[in-house]
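Here the structure comes first, spelled out in structure tokens, and everything after it is commentary.
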Amino acid sequence: MLALRNACRLSLAFRRRVIPRLPALRRCFVRREKAVCVQEIRRFTSLSSRHSSAAASRLECSSDGKKCQVLWSDGEQSTYHAVWLRHNCQCPECRNETTNQKLLVDINELRSDLRIHSVTGSSHKMDICWSYGQGEKEHHGYVNLEWLKKNSYSADALHKLRAQSQPTIATSLPRISYSEVSKGEEGVWKWLKNLNVYGVCLVTDIPTNAEEVRKLAKAAGGIQETCDGEVFHIVAVENAVNVAYTTRPLDFHMDMTYFESPPGLQILHCIRNDDCVEG
């Protein structure tokens, strides 16, 4: 399934595919680069200043200081390990206050002798003091309660998360007209939403010239030129070096998954059907 976010920059490469006795196709790949924009970073709003809807009724540390148990106001319980909490500390020393990005914690800070020395709760955060060894060093920090609740890894929380993550099965192929996508952002949003929820979407009534499918691809991202150029042809040949150059039918699949940056989205543009094709 494809998940597109505003934070991802997309790039494209196109293929034109002409196969005897099969629908003629153009193929387009959409790739996601390893880049995150500032807008997405700041979507993780300032945890230190944001009020939380989660409330803790009781905070309790284990006798060895390696775990902290939280009883939430809704009756749920979560247990967090001292090392995990230290790794996710959200104090200014551990998280950049401007971008809200987590700063790299020195690996030596995550030692096996790390203990929770004390823990107290307020309306929106849990203040923690960690200690090392025989009190040789301490770190004072905090974790936002709402963030803590959302990232609970208790058995019940993981069970609920898995239940919410069940795939959505469509009873029919999601579709949208090319004219609706071309009208503006609302149509593009509907198209990309179908791709995100169902993993596939049929865009109908696309003109057969290459420029139209290029426009459709550009709606999802910019064009990346490959060694074959922006648009190139694939024709079925004898002794093909790739199954794409044969007449064998191919079921739903993603191409180039073995690449370092495989395509995130594949677009097939049907140019024509031969007489033997029905439907």
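The values are calculated or read from the model by the stated rules, or taken from the named source; none is laboratory data. It should be emphasised that the depicted structure is a prediction, and the values quoted were computed from it without experimental measurement. Neighbour counts are summed over all protein chains in view; Cβ atoms, including those assigned to glycine, are modelled from backbone coordinates with ideal geometry. To get the accessible areas, we keep the full protein, side chains included, count just its heavy atoms, and leave off ligands, DNA and RNA. Shrake-Rupley method; radii C 1.70, N 1.55, O 1.52, S 1.80 Å.
Considering only the stretch 179-203, how many residues are part of a loop (DSSP other than H, G, I, E, B) and either open to solvent by 60 Å² or more (accessible area, probe 1.4 Å) or of a type in the set (Phe, Trp, Tyr) (or both)?
Of the residues in that region, 0 qualify.
For every residue, the table says whether it meets (1) touching a Gly at 6+ places or on another chain (Cβ under 8 Å); (2) free of Cβ contacts under 8 Å to residues at least 40 places away in the same chain; (3) closer than 16 Å to GLN69 by Cα; (4) not basic (Lys, Arg).
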residue	(1), (2), (3), (4)
CYS89	yes, no, no, yes
LYS125	no, no, yes, no
GLU136	no, yes, no, yes
GLY141	no, no, no, yes
ASN144	no, no, yes, yes
ALA155	no, yes, yes, yes
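Being out of contact with any Pro (no Cβ under 6 Å at 6 or more places or on another chain) and part of a loop (DSSP other than H, G, I, E, B) is the filter here; which residues of the stretch 256-276 pass it?
Hits for the stretch 256-276 are THR257, TYR258, PHE259, GLU260, SER261, PRO262, ASP274, ASP275, CYS276.
Yes or no: ILE176 of a type in the set (A, V, I, L, M, F, W, C) and either in contact with a Pro (Cβ under 8 Å, 6 or more places away or on another chain) or open to solvent by 70 Å² or more (accessible area, probe 1.4 Å) (or both)?
no
Of the residues that sit in the stretch 76-99 and are more than 13 Å from LEU148 (Cβ to Cβ) and either β-branched (Val, Ile, Thr) or at pLDDT below 90 (or both), which one is least open to solvent (accessible area, probe 1.4 Å)?
THR99
Suppose we keep only residues that are in contact with a helix residue (DSSP H, G or I) (Cβ under 7 Å, 6 or more places away or on another chain) and under 20 Å from VAL70 (Cα atoms) within the stretch 100-117. Which one would you say is most open to solvent (accessible area, probe 1.4 Å)?
ARG115
Which one of these is over 24 Å from THR171 (Cβ atoms) and modelled with pLDDT of 75 or more: HIS233, HIS269?
Within the list HIS233, HIS269, the selection yields HIS269.
Please count how many residues of the stretch 133-146 are of a type outside the set (Lys, Arg) and open to solvent by 70 Å² or more (accessible area, probe 1.4 Å).
4
Condition check ((1) in a loop (DSSP other than H, G, I, E, B); (2) under 30 Å from LYS215 (Cβ atoms); (3) open to solvent by 80 Å² or more (accessible area, probe 1.4 Å)) across all residues:
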site	(1), (2), (3)
VAL119	no, no, no
MET126	no, no, no
SER131	no, no, no
LEU148	no, no, no
TYR153	yes, no, no
LYS160	no, no, yes
ILE169	yes, no, yes
